[in-house]
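Working notes, structure below.
What follows is calculated from the coordinates using simple rules that are stated; it is not laboratory data. The shown structure was predicted, so the numbers you read here are calculated from the model rather than taken from an experiment. Heads up, the Cβs are rebuilt from the backbone with ideal geometry, glycines too, and the neighbour counts pull from every protein chain shown.
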Number of protein chains: 2
Amino acid sequence: MTRVKCPGHITGFFEICKNGRDARYTGSRGAGVCIDKGVETDLTVLDNDEVKVDITLNGEDIAAPVTQSVVNQFLEFKKQSYLVLVRHNVEVPMSAGFGASGAGALSTAYALNKELELNMTRNAIATVAHIAEVENQTGLGDVIAQTYGGVEIRLEPGAPGIGRVDQIIPDPTLKVVCVNMGKLETKSILSNPTHQERINRAGKKLIAELLQNATIENFLRLSKKFMEESELLSSELKELLIYVEDLHSIPASMVMLGESLFTFAERAKSDELKDEIQAYSPELKVFTCEIDYIGPRVIEV
Amino acid sequence: MTRVKCPGHITGFFEICKNGRDARYTGSRGAGVCIDKGVETDLTVLDNDEVKVDITLNGEDIAAPVTQSVVNQFLEFKKQSYLVLVRHNVEVPMSAGFGASGAGALSTAYALNKELELNMTRNAIATVAHIAEVENQTGLGDVIAQTYGGVEIRLEPGAPGIGRVDQIIPDPTLKVVCVNMGKLETKSILSNPTHQERINRAGKKLIAELLQNATIENFLRLSKKFMEESELLSSELKELLIYVEDLHSIPASMVMLGESLFTFAERAKSDELKDEIQAYSPELKVFTCEIDYIGPRVIEV
């Protein structure tokens, strides 16, 4: 058994960059933050007469096409049949913009590299996860962001080793505060031409503005600008946003793509802010996280 | 005051890659490991009538040309005079191959970005440290390795954002064990044509071999191959190497460039190995470290 932990990831703003021929070069430019809540995956490979993949998520059976795609790609590297048992433990809300599918794909890829004794490099392993995300339209930039960690500026699209990334250096006093109020399927947005066009019009040029002044405050400001111009904010989420921003001096913005909001708070005040947001409705999932600088890691072999 | 911690770094093998026109493109290909013992720097900037830089290392005044170069580059971004107080606390032996000068440069650069409120990105900050190292001939690949963390394979030379890096994924059970028996100036090796020629002949092709089989065992095997072919091992260090390898099943290799050795050990046995190596001579500096995956971090502002 191999256990791998992978951070979650929040995108603040982005631009879709498609390459029709090669999923490794498809991705996004944009900016976001890796969070220490993500996915922990226990994976066991056993010899078997036929290929069989058994995936659970928080204890329940699930089809998990992204994980399945990662497993299929890895099994092609071997000419043998296996029973692959994948146990995802997800610490963030699903279909909510916190990069759960990317973290599931990356943790599965790291664990399979170890279990099948493939001795691949980090970039080669993470490329398999990136391809699985792109082909399933569940994400475009989560995998490269989660591979490197930190508060990233994605300069050029693509898988790790192809895409280019820079970082913002935040104060160590900051925590991330997250709120989710429902589900939003990434695929439904990414496959809609009207949304695509608005996203790309809004996302262009923001990276240049962020590079000029690489702070958390500017990242939030530009994320809000993107949120407004891309018109992805629902009226319910807009009401919640107004409530959250009234509580606190730092602005909040929409998690791309999810019915979720994020902001940053001083460590000493983050739990208080969390409780204040929770008071809006008991239905909300509110949580605080540390910024994650490590990326995926094997925690048990 | 800003306090920054930066990991140390050990190079196992390398190839010198010079670019006569631009220090940002000069560097090395090779492989190494970041360690959680490095340099912690406290830095304060005060308004002053003239530019004055005051640097101490473990409490003692020091010229520190690499740190001085970093400060000079940063002060050029501002049109004001300052008193800059730099307090380096170095956790590894100096002039011993553990990347102390790179860690000092990076921690100074991160702290100055914060103290001078420059809001530069990580790559821009680290590039200043890379230039300072290259121009002082104290290192070629430490800064990019330390910026990203982990067990790196440096695919292409240069500063962060220019050079390209991949990684080995080690088992979480491994610690790094280090031994130092004296000083060796990087500059004296890097400026010697005979050494340069031997290093580059030995260092070429090893990266391709490591990418094929990206394990800690192969990294150590290729480092030993480099050590033998580059002829940098002194007779005293060779005797110590034989002693260390007799204690333990995993091979050890020379730290490039230092009168030092490194190896990996299972967590549970690393302290025992440390004590066994120390028994060789009370003069040796022997220490164990965790692999560092985080890179430089602001720990107090």
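Overview of values
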quantity: Inter-probe distance in nm under a simple model that places probes 7 Å from Cα toward Cβ, at B:GLN212 and B:GLU231; calculated: 2.7 nm
quantity: Nm distances between copies for A:GLU217, ranked from closest, using label points 7 Å along Cα→Cβ; calculated: 5.4
quantity: Phi-based couplings in Hz for segment B:93-106 (Karplus 6.51, -1.76, 1.60; Gly and Pro marked x); calculated: x, 8, 6, 10, x, 9, x, 4, 6, x, 5, x, 5, 5
quantity: Cβ crowding within 10 Å averaged over residues, with B:166-178, B:230-242, A:135-147 ranked highest first; calculated: A:135-147, B:166-178, B:230-242
quantity: Cα-Cα pairs of the protein assembly as shown separated by more than 34 Å (percent); calculated: 43 percent
quantity: Gyration tensor (alpha-carbon) shape descriptor, segment A:49-124, a/c threshold 1.5; calculated: oblate
quantity: Prolate/oblate/rounded call for segment B:170-289, Cα gyration tensor, a/c under 1.5 rounded; calculated: oblate
quantity: Cross-link reach list, aspartates and glutamates versus A:LYS37, counting only Cα pairs under 12 Å and skipping chain neighbours closer than eight places; calculated: A:GLU91, A:GLU290, A:ASP292
quantity: Efficiency of FRET between B:ILE242 and A:LYS205 - r from beta-carbon atoms, R0 60 angstrom, step 0.05; calculated: 0.45
quantity: Distance (nanometres) between label positions extended 7 Å along Cα→Cβ at B:VAL53 and B:GLU185; calculated: 1.9 nm
quantity: Nearest-first distances (nm) between copies at B:VAL53, label 7 Å from Cα via Cβ; calculated: 5.5
quantity: Where rotation carries B onto A, the chain B residue whose Cβ is nearest that axis, in whole Å; calculated: B:ILE294, 3
quantity: Charge dipole of segment A:58-159 about the Cα centre (unit charges at C-beta), most positive-ward option of A:ILE125, A:ILE153, A:MET94; calculated: A:ILE125
quantity: Chain B, relative contact order [Cα under 8 Å, separation at least 6], %; calculated: 26 percent
quantity: Computed [θ] at 222 nm, deg cm²/dmol, chain B (DSSP H ≥ 4; -39,500 (n - 2.57); rounded to nearest 500); calculated: -11500 deg cm²/dmol
quantity: Whole-number D in µm²/s for chain A (Stokes-Einstein; Kirkwood sum over Cα pairs; 4 °C, 1.567 mPa s); calculated: 67 µm²/s
quantity: Nm distances between copies for B:ARG21, ranked from closest, using label points 7 Å along Cα→Cβ; calculated: 2.9
quantity: B:ILE55 long-range amide H proximity, modeled H, under 5 Å; calculated: B:ILE62, B:VAL86
quantity: Cα centre as origin, Lys/Arg/Asp/Glu Cβ charges: the protein assembly as shown dipole, Debye; calculated: 1600 debye
quantity: Two-site label geometry, B:GLU300 and B:ARG198: point separation in nm, points 7 Å out along Cα→Cβ; calculated: 4.5 nm
quantity: Backbone HN-Hα couplings from phi across segment A:271-285 [Karplus 6.51/-1.76/1.60, Hz, Gly and Pro as x]; calculated: 5, 4, 4, 4, 5, 5, 5, 4, 4, 4, 6, x, 6, 5, 9
